[in-house]
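The values are calculated or read from the model by the stated rules, or taken from the named source; none is laboratory data. This is a predicted model, so every value here is computed, not measured. Cβ coordinates were reconstructed from backbone atoms using ideal geometry, including for glycine residues, and neighbour counts include every protein chain displayed.
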Amino acid sequence: MPLVRLFAPKLLTKAIPLPRLQHKLCEIWGVKPTTTKLLLTRVDDWTSDHDEDVYVSVRAKATPERTREVVLDSCKQVQEAFRAEGLIANVRLETYVGDSYFHLPPPSSSSS
């Protein structure tokens, strides 16, 4: 689960505690914080048929153990993690094939 994009209205007054949420999501997905990035984007407005505080878009590697049932259950756990923080989350997850994914982190300061 290397990327979790959170979208929230600019006018939302509820706190979105990224470090706590990252910790909870890492536990849910069985991944490390070094491979998990949470990005929060504040938006002016959005269209929605749901009563939600945060739209959560997750990109996760497709693995054999991440069956449809496991992913749906994990998405429910993600919703619960947000609910525990007082937030209503609309969760969407997209998987990708590892061989088709490329990542180039910034160079370490020692290699500059």
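Residues checked against (1) aliphatic (A, V, I, L, M); (2) closer than 15 Å to Thr95 by Cβ; (3) modelled with pLDDT of 95 or more:
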{"residue": "Leu6", "(1), (2), (3)": "yes, no, yes"}
{"residue": "Lys24", "(1), (2), (3)": "no, no, yes"}
{"residue": "Lys32", "(1), (2), (3)": "no, no, no"}
{"residue": "Leu39", "(1), (2), (3)": "yes, no, yes"}
{"residue": "Ser48", "(1), (2), (3)": "no, no, no"}
{"residue": "Val58", "(1), (2), (3)": "yes, yes, no"}
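Take the residues in the range 68-90 that are at pLDDT 95 or above and in contact with a Phe, Trp or Tyr (Cβ under 8 Å, 6 or more places away or on another chain); name whichever of them is surrounded by the fewest Cβ atoms within 10 Å (Cβ to Cβ). So the residue we want is Ile88.
Of the residues making up the range 6-55, those that are surrounded by fewer than 13 Cβ atoms within 10 Å (Cβ to Cβ) and without any contact (Cβ under 8 Å) to a residue 24 or more places away in the chain are Leu11, Thr13, Pro19, Glu27, Gly30, Lys32, Pro33, Thr34, Thr47, Asp49.
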